[in-house]
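The structure appears below as structure tokens.
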């Protein structure tokens, strides 16, 4: 089932699915295993809170992402690319087009910020990464044939914990 809106439930499903993939990923799994030292459940729960906050569904995340990632030391850009490619794949499996765009945009901005701070010590911004660069085998289905005609998104709140997004 693909979700058509950003809710606590849909974001939790995304995070659970994504981290199940991370645990099986040959590149990312060893890094996460070493960093988490068996604390996967706590990490996944914290990431549910982070993504709900990052996507403005719920304001409950109270961590410092940069401090947590600095403990890992300098990370090569290729790890960010792998993380983003796997995240994008998972988003596309879990969400319809409009909410997927919002999630991928937030993920890209988050990766850019971390890459800048961790890959270059925060002094030199990392080159801008684009989602289509991260997974060259998957052409963006979201691009229109006319490159200049980008769709716009309309947001409307539905209930206390739902955000409805439409492409127009």
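Note on segment 1-16: among residues that are in contact with a helix residue (DSSP H, G or I) (Cβ under 7 Å, 6 or more places away or on another chain) and over 20 Å from residue 53 (Cβ atoms), the one that is surrounded by the most Cβ atoms within 10 Å (Cβ to Cβ) is 4. Tell me yes or no: at least one residue of segment 17-34 is under 13 Å from the mean Cα position of the chain (by Cα) and surrounded by fewer than 16 Cβ atoms within 10 Å (Cβ to Cβ). There is at least one residue in segment 17-34 that is under 13 Å from the mean Cα position of the chain (by Cα) and surrounded by fewer than 16 Cβ atoms within 10 Å (Cβ to Cβ).
Please enumerate the residues belonging to segment 104-118 that are modelled with pLDDT under 80 and more than 14 Å from residue 68 (Cα to Cα). 116, the sole residue that qualifies.
Of all residues in segment 87-120, exactly one satisfies the criterion of being surrounded by 19 or more Cβ atoms within 10 Å (Cβ to Cβ) and not in a helix (DSSP H, G or I), namely 95. Scanning segment 35-74 for residues that are in a helix (DSSP H, G or I), at pLDDT 90 or above and either within 21 Å of residue 106 (Cβ to Cβ) or in contact with a strand residue (DSSP E or B) (Cβ under 7 Å, 6 or more places away or on another chain) (or both) turns up 43, 44, 45, 46, 47, 48, 49, 50, 51, 52, 53, 54.
The values are calculated or read from the model by the stated rules, or taken from the named source; none is laboratory data. Just so it is clear, the structure is predicted and the values come from calculations on it, not from any experiment. Note that each Cβ is placed from the backbone with ideal geometry, even for glycine, and that neighbours are counted across all protein chains shown.
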